[in-house]
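Written out below as structure tokens is the structure these notes cover.
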């Protein structure tokens, strides 16, 4: 067995290398220690000691999850700011303003629909009856500054006549509703009548033809003419003339033929009942309806 002394004698180079490696390691440690002491020296002199604190544990930040829209908006707007010029504060404020507008738009959208529905119901409940119709017409308008101005009244009357033909009575009601004085209205209508722009007889005849086209009866036509503002005496005269010419008889038979075609195949009693209902709504007399029913509704087949 080889002793330690004999081994050292036989390997002097390996021992020297080990010693050199140990010395270089010691010098490196001393150099790092000197550098640390040099860095710890402040402007007023060397520090007594250097305390290294452990970093505080990181806490989970949930603020981004709570509302990250302003941050994202600012990040997106930053690119536009760089392209078109502008500061980050302007982008951030613009993003916040857009969010506020979007929130208000949502609330206002809901309120707008609610208000619209409420306003629609109010208009439906307070709907104004048609001129000359049932319900007494609309309430007169508030007095106007030019209520006695004949020129203004005439212009208003011409505007109404341009929209649709009207009787003198219906035209007078509309002008009074607009706030014109009744005396001025009468003067204007008299002037328009002399010029031929208002003709109650021609209007009544046109209305009669329209009612006969809708297969209306004598009573229905008379009611329609009164509703349109025609003088009751003139309306009765026109209706009487039409009755003498047999126009309402033709109208009743035309209505009977329409009902007969629509009710083909139904029970005879059902067909007669439907004709009676339609004839009553149109304003035909009961005697005329009996005559038409006896002629047209004799079997289950139409026009038999």
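Got at least one residue in the stretch 286-304 being within 22 Å of residue 223 (Cα to Cα), assigned to a helix (DSSP H, G or I) and either touching a residue at least 24 places away in the same chain (Cβ under 8 Å) or in contact with a strand residue (DSSP E or B) (Cβ under 9 Å, 6 or more places away or on another chain) (or both)?
Within the stretch 286-304 (the criterion being within 22 Å of residue 223 (Cα to Cα), assigned to a helix (DSSP H, G or I) and either touching a residue at least 24 places away in the same chain (Cβ under 8 Å) or in contact with a strand residue (DSSP E or B) (Cβ under 9 Å, 6 or more places away or on another chain) (or both)), the answer is yes, since at least one residue qualifies.
If residue 264 passes every condition in (1) under 17 Å from residue 168 (Cβ atoms); (2) assigned to a loop (DSSP other than H, G, I, E, B) but one, which one does it miss?
The one condition residue 264 does not meet is (1).
What are the residues in the stretch 201-225 that are more than 42 Å from the chain's Cα centre (by Cα) and in contact (Cβ under 8 Å) with a residue 12 or more places away in the chain, if any?
201, 205, 217, 218, 219
Can you pull out every residue in the stretch 226-240 that is assigned to a helix (DSSP H, G or I) and under 45 Å from the mean Cα position of the chain (by Cα)?
Across the stretch 226-240, the qualifying residues are 226, 227, 232, 235.
Residues 280, 243, 223: which one is in contact with a helix residue (DSSP H, G or I) (Cβ under 6 Å, 6 or more places away or on another chain) and assigned to a helix (DSSP H, G or I)?
The match here is 243.
Can we say residue 266 is over 50 Å from the mean Cα position of the chain (by Cα), at pLDDT below 95 and farther than 29 Å from residue 225 by Cα?
No.
Within the stretch 161-196, track down each residue that is in a loop (DSSP other than H, G, I, E, B) and loosely packed, with under 14 Cβ neighbours inside 10 Å.
164, 195, 196
Which of the residues belonging to the stretch 252-271 are crowded, with 18+ Cβ neighbours inside 10 Å and more than 16 Å from residue 220 (Cα to Cα)?
Those that are crowded, with 18+ Cβ neighbours inside 10 Å and more than 16 Å from residue 220 (Cα to Cα): 256, 259, 260, 263, 271.
From the list 249, 259, 239, exactly one residue is at pLDDT 95 or above and either farther than 30 Å from residue 199 by Cβ or touching a strand residue (DSSP E or B) at 6+ places or on another chain (Cβ under 7 Å) (or both). Which is it?
Only one candidate passes the filter, namely 259.
The values are calculated or read from the model by the stated rules, or taken from the named source; none is laboratory data. All figures in this text were calculated on a predicted structure; none of them were measured in a lab. Quick reminder, even Gly has a Cβ in these numbers, built from the backbone with ideal geometry, and neighbours come from all protein chains shown.
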